[in-house]
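The values are calculated or read from the model by the stated rules, or taken from the named source; none is laboratory data. In this text the structure is predicted, and so the values were computed from the model without any measurement. Virtual Cβ from ideal backbone geometry, glycine too; neighbours counted across all protein chains shown. Remember, those area values only see protein heavy atoms, side chains included, never the ligands or the DNA or RNA. Shrake-Rupley method; radii C 1.70, N 1.55, O 1.52, S 1.80 Å.
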Amino acid sequence: GTPGLLRRWELTSTRYLLGPAAFAEALNQELEPQLRRFRNVLGFNIVPKPGIENPRKHEELTAVAATNGQYAVIEFGGALPRAGLYSRWIVQTNDAQTLETLVSPGFSPGQRVLVATNLPFDSAGVTNQSAGTVSFVSYAPKDLVLKADLKTPAVLLLNDRYDPNWQVLVDGQRAPLLRCNFIMRGVALTPGAHTVEFHFRPPFQGLYVSMAAVALGLALCGFLAVYARRQTTASVGG
């Protein structure tokens, strides 16, 4: 339903939408009549490209910024940041319970994070104070680096999809990769300044299988070429 849709946008950091300019107000009325966290940040119109009078294809159209445009870039202010620090967390090892908690109206994704494994420390007694700051140093699809400065033990939640082939280093040392909020990545951090690196490292077994398949394919092509040549030679000789 619509509440579940809003929660998915929160958890997946879906901050921007495209739609008719009136859509933001409709979303506020339907989904967030109290908080009203949807707003238009850039209006635009869809017009023909220069030199085209009667466009017949999508590629013949372009977007032009306009203050009172028919369409708009809509910002959802409730989306979680791509990376955040949480001094309060819940260890929940049952995936079914985790999914129930995530969609529960009483759960606030901005205040707590769900972790699928036990941590070396707990959040008992930790207040709602800010855990610290975190920012990106670099971001690539398979290799990203963050800087974090913590006041208290916390979980760094990275709102990118979890995969066990990701490795995480904290100050150059391997650290346990956490599965957070059912499907996202994270790592436990102690107070202080840290450099956190996430690297995607697929298993070598898959690489070896791929190389073996390529080698087998090349060998098969070579065999077929030699076989076809012999057949042609035999036909000519006959």
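Summary of values
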item: Neighbour net charge for Tyr162 - beta-carbon separation under 9 angstrom, K R +1, D E -1; result: +1
item: Those chymotrypsin sites (Phe, Trp or Tyr not before Pro) in region 82-126 that DSSP places in a loop and that have at most 16 other beta carbons within 10 Å; result: Phe107, Phe121
item: Relative contact order (percent, whole number), region 45-182, Cα cutoff 8 Å, 6+ residue spacing; result: 25 percent
item: Protein accessible area in region 89-205, 1.4 Å probe - carbon and sulfur %; result: 53 percent
item: Compactness index (Cα Rg / 2.2 N^0.38 Å), region 1-105; result: 1.45
item: Where Thr190, Thr93 fall by accessible area, highest first, once all protein chains stay in place (1.4 Å); result: Thr93, Thr190
item: Aspartates and glutamates whose Cα lies under 17 Å from that of Lys49, excluding same-chain neighbours fewer than 8 positions away; result: Glu59, Glu60
item: Full-extension gain in nm, Ala96 to Glu53, via 0.36 nm per residue minus C-alpha separation; result: 9.9 nm
item: Solvent exposure of region 1-74 as accessible area per residue, Å², 1.4 Å probe; result: 69 Å²
item: Ile46, Ile52, ranked by accessible area, largest first (probe 1.4 Å); result: Ile46, Ile52
